[in-house]
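To start, the structure under review is shown below, and the notes come after it.
No value in this document is a laboratory result; all are computed from the given coordinates. Note that this is a predicted model, so its numbers are computed, not measured. Quick reminder, even Gly has a Cβ in these numbers, built from the backbone with ideal geometry, and neighbours come from all protein chains shown.
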Amino acid sequence: MDKTINQKAWFLVLPVFLVVAFSAVLPLMTVVNYSMQDTFGNNQFFWNGVGWFKELLDPSTDLGGRFLASLGRNLLFSAIILAIEVPLGIVVALSMPRQGWTVAVCLVILALPLLIPWNVVGTIWQIFGRPDIGLLGYTLNSLGIDYNYVSNEFDAWATVIVMDVWHWTSLVALLCYAGLKSIPDAYYQAAQIDGASRWAVFKAIQLPKMNRVLLIAVLLRFMDSFMIYTEPFVVTGGGPGNSTTFVSIELVKIALGQFDLGKAAALSLVYNLIILIVCWIFYTVMTNAGAERPEKKGAA
Amino acid sequence: MNTIPGRRIIMVVFLIFLLLPIYWLVNMSFKTNTEIVTTMTLWPHQPTLENYKRIFTDESWYSGYINSLTYVLINTVISIAVALPAAYAFSRYRFLGDKHLFFWLLSNRMAPAAVFALPFFNLYSAINLFDTPWAVALAHCIFNVPLAVWILEGFVSGVPREIDETAFLDGYSFPRFFVKILVPLIASGIGVAAFFCFMFSWVELLLARTLTSVNAKPISAIMTRTVSAAGMDWGLLAAAGVLTIIPGALVIWFVRNYIARGFALGRV
């Protein structure tokens, strides 16, 4: 951790700075610019001050109502998938085989959903869930359960949630597995000598050791589920009605569907601000954790 | 490592849950449309390669794969090239604003693509890059460059400082040290970072779709278009889906031990 102070390092960072600034700062400035203006087409813009922001945070207006409703849906969605994926991911990580070729096979299969393009994830579940041609939909319906994700709100939600669990639980599991693997065998031997129960081992050894990776997993899953777009868009298109319209879907509707630049820009900024706050927590967690293990880095 | 009772059953059930939808896609891709629509069969009774044949012979289909691969490769090369020196700087030196810069990079990795869709459309139209692979490649840099920096920084930090110092004492210039010594030492790290840049650019749809119209249309956008236009050609759609899974499935074996690391931005 004895980094030397060297301002010339900026030259090494400069390319990254320029590339990211080009694709982040410039567009963001456009967004800020739009968010203060109104347009009636023909590239004529009018100053609107903070009007859009006021409207955005007022549930009685059309924009505000849509934004807050989609925000609520999105938070509910994030909460549900976290409540399922985190415990399930831990259980799966604990169920990993100890050694041998099965470890590699399990790792590869676990990682498979993570590497599928997001729209194909949507397509897979769209096909899988259809009552007429999909295995899941067909089986459920022949069991007497009336399941149709196109017309029934609850079924649409269930499909989107199961899809997300299918898509991302592996991430939580892989992170936890990485955390578990870093526990030295001596810990378990000590626990055995002490006659600790299975639950005590989990609570006293494994959970504390997984703390950091779990926090990373929760934050990553929160952020990714908070900006989910492609998968629900492909499966349900935000419907039936608006029941699965999350913030990103609403934003794209306003920005690219209606070309309502001012409204979309204001929504973008608020949306980005929420992400930025969570991101800051994430960063603090990560850098604090990094500071805890300097001796490891030095020894490596 | 200590494990839990019934772990084999849990693992098997979970793996089946993961594989079943993928199996269904593969299954459908080998069926004819009549078989898909009229009967419910667990495996193709009249297996056909017709769907795949159509993708490989119809230019509007296979050009999508070429377009996607083009921007993904450009993006991977740019990301790794600019991220390598930066990763070294972050790992070895302290400089004005380094922590803020590191955080700023992370915040861009996490920014919702939907926020950038419209401004990117304006930006790349203004500089005449709209509907070229370069537009998508540059747009994807917003999340891939930070990712590459974060992953590579971890690997560079694993290289002992003494190696740098010895090299400089031996009279290596900085660029020569970088290419001849550092890069070979972290070759596996570069491979992992490249894999993740490739992957995240490959799976992204929203920006890729927004920034292209005809000439550079990615396969994912072609898939969505054909579904709505051709009156649901399920077999073809499934075959196209299977082909998009293959690149990831092929290289996954080589990075299986680094997957957690890549998804957690090199912090595990």
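Some observations on this one:
- Here, the range A:152-294 is characterised by an Rg to Rh ratio of 1.13, where Rg is the alpha-carbon radius of gyration and Rh the Kirkwood radius.
- For the range B:1-78: rounded, prolate or oblate by the Cα gyration tensor [a/c cutoff 1.5]: oblate
- Net charge over other residues, Cβ less than 14 angstrom from the Cβ of B:GLU59 (K, R count +1; D, E count -1): +2
- Here r is the Cβ-Cβ distance between B:LEU49 and B:ALA81 and R0 is 41 Å; the resulting FRET efficiency, rounded to 0.05, is 0.55.
- Each Cα pair under 8 Å and six or more residues apart adds its sequence gap; the mean of these over the residue count of chain A is a relative contact order of 26 percent.
- Averaged over peptide A:132-142, the number of partner chain Cβ atoms lying within 10 Å of each residue's Cβ comes to 3.
- Cut-off under 5 Å, modelled amide H: who pairs with B:ARG94 long-range: A:THR4, A:ILE5, A:ASN6
- Radius 10 Å from Cβ of A:ASP38, net charge of other residues (Lys, Arg +1; Asp, Glu -1): 0
- If you wrap the Cα atoms of chain A in a convex hull and average its projected area over all directions, you get 22.8 nm².
- Here the simple spin-label model places points 7 Å from the Cα toward Cβ, and for A:SER60 and B:SER125 these points are separated by 3.6 nm.
- Computed from the alpha carbon atoms alone, the convex hull of the range A:127-192 holds 133 Å³ per residue.
- Computed over the protein assembly as shown, Kirkwood Rh from alpha-carbon pairs, angstrom: 25.2 Å
- Of the DSSP H helices in chain A, those whose Cα atoms cover at least 15 Å axially and whose Kyte score averages 0.0 or more: A:9-35, A:62-94, A:101-111, A:118-129, A:153-181, A:207-226, A:261-291
- Angle between chain B longest axis and helix B:113-126 axis [Cα atoms, degrees, rounded to 10]: 80 degrees
- For chain A, a crude dipole built from +1 on the beta carbon of Lys and Arg and -1 on the beta carbon of Asp and Glu, taken about the Cα centre, is about 1020 debye to the nearest 20.
- Close amide H pairs (under 5 Å, H built 1.01 Å from N) link A:GLN37 with A:ASN48, residues at least 5 positions away or on another chain.
- Ranked by how many other beta carbons lie within 10 Å on average, peptides B:197-203, A:241-247 from highest: B:197-203, A:241-247
- Rounded to the nearest 20 debye, the dipole magnitude of the range B:15-143 is 540 debye, with +1 charges on Lys and Arg beta carbons, -1 on Asp and Glu beta carbons, and the Cα centre as origin.
- Put a plus charge on the Cβ of each Lys and Arg, a minus charge on the Cβ of each Asp and Glu, and nothing anywhere else: the dipole of the protein assembly as shown about its Cα centre is then about 1320 debye.
- GNM result for chain A, Cα springs below 10 Å: residue of A:ASN152, A:ASN33, A:ASN288 fluctuating most strongly: A:ASN288
- For chain A, the tally of Lys pairs with Cα-Cα distances below 25 Å comes to 13, considering only residues 8 or more apart or on different chains.
- Whole-number D in µm²/s for the range B:32-150 (Stokes-Einstein; Kirkwood sum over Cα pairs; 10 °C, 1.306 mPa s): 89 µm²/s
- Among A:LYS203, A:LYS263, the order by Cβ neighbours within 10 angstrom, fewest to most, reads A:LYS203, A:LYS263.
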